[in-house]
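Structure first, then comments.
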Amino acid sequence: MATEIKRCGEVLQRHRCKRVCHKYGNEDQCRFLFPHEIVEESYYDADSKSVVLQCRDATVNYFNPHILVFCRHNHDLKCILSGRAAKAAMFYITDYITKSDLKTHEML
């Protein structure tokens, strides 16, 4: 299983910046926030009221090894409880599903 996780992780989960990472005039930084900050161990941050996930490789999406191996698709796990992260996720999912020319946050 470990070999399969590594193989799928390299092919499916490793981020390589492309033009889409820098659209909307964001030339200096990847809009998907890569590279991630290296975090040795997951923890709860009381100041931001968020769970910070362990990250050993700054260019790999957060993933579940079972989903990765058995479904064989890229995915990105995030702990979204409430607040700004939940609102941002709601906008992203809505925009992604509808693929509208007008973005949800522009309608508000």
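The values are calculated or read from the model by the stated rules, or taken from the named source; none is laboratory data. All values reported here derive from a predicted model rather than from experimental measurement. We place every Cβ from the backbone using ideal geometry, glycine too, and count neighbours over all the protein chains shown. Side chains included, ligands, DNA and RNA excluded: accessible areas come from the protein's heavy atoms. Shrake-Rupley method; radii C 1.70, N 1.55, O 1.52, S 1.80 Å.
Here are the numbers:
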| read-out | value |
| --- | --- |
| Answer residue from segment 27-52, given it is assigned to a loop (DSSP other than H, G, I, E, B) and hydroxyl-bearing (Ser, Thr, Tyr) and is farthest from Ile80 (Cα to Cα) among those | Ser42 |
| Tally of residues being open to solvent by 90 Å² or more (accessible area, probe 1.4 Å) and either under 16 Å from Arg31 (Cβ atoms) or in a helix (DSSP H, G or I) (or both) across segment 71-92 | 5 |
| Flag if Tyr43 is at pLDDT 85 or above, out of contact with any Leu (no Cβ under 7 Å at 6 or more places or on another chain), aromatic (Phe, Trp, Tyr) and open to solvent by 100 Å² or more (accessible area, probe 1.4 Å) | yes |
| Single residue of Phe70, Phe32 found to be aromatic (Phe, Trp, Tyr) and closer than 24 Å to Met1 by Cβ | Phe70 |
| Scope segment 11-26; condition open to solvent by less than 70 Å² (accessible area, probe 1.4 Å), assigned to a helix (DSSP H, G or I) and out of contact with any helix residue (DSSP H, G or I) (no Cβ under 8 Å at 6 or more places or on another chain); matching residues | Val20, Cys21, His22 |
